[in-house]
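These notes concern the structure reproduced below.
The values are calculated or read from the model by the stated rules, or taken from the named source; none is laboratory data. The structure presented is a predicted model; accordingly, all values stated were derived computationally and were not measured. A quick note on method: Cβ atoms are made from the backbone with ideal geometry, for glycine too, and the neighbour counts reach across all protein chains shown. Each accessible area value is taken on the protein alone, full model and side chains, heavy atoms only, with ligands, DNA and RNA left out. Shrake-Rupley method; radii C 1.70, N 1.55, O 1.52, S 1.80 Å.
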Amino acid sequence: YNNKYTQAVNLGVYGTDLGYINIYSKYAASMLYMSSVQDLASQLRIGQFFDFSTISRLAANSENIDSILYISTAGFDNMSSYLRKQERDDVSVLMIVGGWIEAIYIITQVTRRYPTPKLIERIGEQKILLDDLLLIISLYQHDNYFNRIFNDLNILQSNFENVEIEYVVGEREMIEVDGMLVVQDKNESIVRLDDKTLNNITQTIQQIRTFLVETD
């Protein structure tokens with residue numbers, strides 16, 4: 001990847017992959033992806049916010065997964081904060097886009113093989129996040145790369161139009177957390193997503209991901 005657009009968006013992609021791989025304690029694979037994350041972050045001049053040496057050490061022990069995920073997440077958060085301060089918001093947005101697309105790509109591919117109600121519900125819930133993402137990307141539409149992504153996500157949004165999300169307000173409950181009483185809402189959402197719509201979302205996500213990760 002030889003420009004800031006593909007570097008930033010694929011830093012988000014590889015970051016999501018790294019988190020997914022670490023959950024399954026795949027040490028050798030995680031080292032490969034970590035090397036890619038380090039390379040992309042360095043090219044974007046934000047590698048100083050990712051503690052690669054500590055993550056490499058922790059990855060050798062599967063019991064350290066929580067620590068790895070925490071350090072990785074903190075690193076990406078610090079990168080985004082720094083980019084905003086440096087008025088490089090476009091790079092931060094592309095990292096978010098790449099990470100989100102890869103996460104949805106993974107979950108749709110897993111759902112193809114193991115179509116459980118919980119996984120399908122998680123896919124349907126992305127309808128709300130997609131609306132927010134489109135709003136952010138629209139601010140950069142004057143740029144050709146962003147405009148291509150915006151148009152592609154608009155197609156994806158049309159796939160989500162048939163997804164129905166119903167919110168059910170539940171009763172509030174008082175629970176004790178660390179010696180303090182906390183009010184907990186029992187609200188829930190019901191997601192309705194038919195097979196045809198799910199298939200359309202899956203295909204569109206795959207097409208968008210192919211564009212993002214290609215190197216030409």
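General remarks:
- Sorted on the mean count of surrounding Cβ atoms within 10 Å across their residues, most packed first, peptides 91-104, 124-137, 30-43 read 91-104, 30-43, 124-137.
- Note on exposure: Arg209, Arg148 ranked by accessible area (1.4 Å probe, complete protein assembly) read Arg148, Arg209, with the most exposed listed first.
- R0 of 22 Å, Cβ-Cβ distance Arg122-Ile155: FRET efficiency to nearest 0.05: 0.60
- Convex hull volume per residue for segment 87-154, taking Cα atoms only, in Å³: 82 Å³
- Extension gain, Val110 back to Gln184 (0.36 nm per residue minus Cα-Cα distance, nm): 23.4 nm
- Accessible area (Å², 1.4 Å probe, nearest 10) - Glu161: 130 Å²
- Simple label model, 7 Å out from Cα along Cβ direction - Glu171 to Leu134, nm: 3.9 nm
- Accessible-area composition of segment 120-213, carbon plus sulfur, in percent [1.4 Å probe]: 48 percent
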